[in-house]
Amino acid sequence: MSEKEFHGAHVIVTGGSRGIGRAIALDFASKGANVAIVYLDHRTQGQQVLNELKAFGVDAEEHATDVKDFSAIQQLFADFIQRHGRVDALVNCAGINRDRTFSKITAEQWHEVIDTNLTGAFNCSKAVWDQMKTQNHGRIVSISSIVGQAGNFGQANYSASKAGLLGFTKSLALEGARNNITVNAICPGFIDTDMVRGIPADALEKVVQKIPMQRLGQPDEIARAVTFLASPASGYITGQVLAVNGGMYM
Ligand code: NDP
């Protein structure tokens, strides 16, 4: 990939204030893209990422907007499209977990996770779709999870949301293909971010032992897969699920 291959492109990354989303936003900016990040409420981190993005000499913006809120997202992205005239790529990365065994999980915890991880991706994709069709070009990459492929103890809500993203991706890929919109998903394994740091140390140690590469992944290892799928080089790849998991699930 050439260093500035996204020069002039306009990209939206949800979940861009921290962890994987931050790494994705920075990788795009390092390759010349103008980047908007969307996050929930960690404003200090959002501002920090904004400064890091601007240091690459690109246009950058940050928005504390809840991806669960359909109207707020439609308005935010409509304003974005009006200002920039286009949207080249959307990365659905905003996500949460509320882990409980199925006996203990509440309806609220179920809905919060589905509404953020799955409906959030619907809300954001919906808000860019018609523009991508009009411009006859677009890239949507959603961050699913190894847990969406394999399931996981205590993560029925999270696993359902991430598996849902895979069906969503394949259906949108079919609908977008004739307009040169590619839609793909990435299934990270266990990546070293705040989300994984929330796992108790002894449990995390056991997880790492099950990873053939014997280590957690790094956020930038996911970011490089995202920018590849958003690049011109991958224009014939659509409806695919790319696992980036150190060999943990094949
Ligand atoms: P983090 O917890 O580090 O960051 C989550 C990001 O999502 C933050 O930017 C957060 O904003 C944002 N966010 C959460 N809820 C909302 C919302 N309602 N509206 C807008 N933004 C929201 O997570 P990771 O970086 O670890 O994970 C990123 C994605 O990757 C998630 O979808 C996760 O499920 C997925 N993933 C992570 C793996 C891992 O091992 N870490 C493995 C597989 C998948 P704010 O900072 O304001 O809270």
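Numbers for the structure displayed
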item	result
Residue 100 vs. criteria of a type in the set (Lys, Arg), in contact (Cβ under 8 Å) with a residue 40 or more places away in the chain and surrounded by fewer than 18 Cβ atoms within 10 Å (Cβ to Cβ)	yes
Scan of the range 118-151 for residues that are of a type outside the set (Gly, Ala, Ser), under 19 Å from residue 190 (Cα atoms) and touching a helix residue (DSSP H, G or I) at 6+ places or on another chain (Cβ under 6 Å), ordered by number	141, 147
Residue ID - farthest from the ligand (Cβ to nearest atom), chosen from residues in the range 158-203 that are in a helix (DSSP H, G or I) and more than 30 Å from residue 132 (Cβ to Cβ)	202
Residues (under 18 Å from the mean Cα position of the chain (by Cα) and either away from the ligand (no atom under 14 Å from the Cβ) or farther than 18 Å from residue 133 by Cβ (or both)) located in the range 82-91	87, 88, 89, 91
Among (1) out of contact with any helix residue (DSSP H, G or I) (no Cβ under 8 Å at 6 or more places or on another chain); (2) acidic (Asp, Glu); (3) within 13 Å of the ligand (Cβ to nearest atom), the one test that residue 99 misses	(1)
Residues (over 20 Å from the mean Cα position of the chain (by Cα) and surrounded by fewer than 16 Cβ atoms within 10 Å (Cβ to Cβ)) located in the range 103-124	103, 104, 106, 107, 108
Top-ranked residue in the range 140-157 [being within 13 Å of the ligand (Cβ to nearest atom) and assigned to a helix (DSSP H, G or I); ranked as surrounded by the most Cβ atoms within 10 Å (Cβ to Cβ)]	148
Flag if residue 5 is at pLDDT below 95, within 24 Å of residue 137 (Cα to Cα) and either of a type outside the set (A, V, I, L, M) or within 10 Å of the ligand (Cβ to nearest atom) (or both)	yes
Among (1) away from the ligand (no atom under 15 Å from the Cβ); (2) β-branched (Val, Ile, Thr); (3) over 27 Å from residue 231 (Cα atoms) - the single one residue 114 does not satisfy	(1)
Pair list, Cβ < 7 Å and 6+ apart or interchain, from the range 46-72 residues that are modelled with pLDDT of 95 or more and within 15 Å of the ligand (Cβ to nearest atom) to residues that are in a loop (DSSP other than H, G, I, E, B) and of a type in the set (A, V, I, L, M)	64/40; 66/40; 67/94
Yes/no for residue 86 being under 19 Å from residue 22 (Cα atoms) and open to solvent by 60 Å² or more (accessible area, probe 1.4 Å)	no
Breaking point among (1) near the ligand (Cβ under 8 Å from one of its atoms); (2) over 18 Å from the mean Cα position of the chain (by Cα), for residue 79	(1)
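Yes/no per residue for (1) open to solvent by less than 60 Å² (accessible area, probe 1.4 Å); (2) within 15 Å of the chain's Cα centre (by Cα); (3) modelled with pLDDT of 95 or more:
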| residue | (1), (2), (3) |
| --- | --- |
| 166 | yes, yes, yes |
| 174 | no, no, yes |
| 179 | yes, no, yes |
| 185 | yes, yes, yes |
| 189 | yes, yes, yes |
| 192 | yes, no, yes |
| 197 | no, no, no |
| 203 | yes, no, no |
| 209 | no, no, yes |
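The values are calculated or read from the model by the stated rules, or taken from the named source; none is laboratory data. Everything numeric here is computed off the predicted structure, so don't read it as measured data. We place every Cβ from the backbone using ideal geometry, glycine too, and count neighbours over all the protein chains shown. The area values use the complete protein model at the heavy-atom level, side chains included, leaving out ligands, DNA and RNA. Shrake-Rupley method; radii C 1.70, N 1.55, O 1.52, S 1.80 Å.
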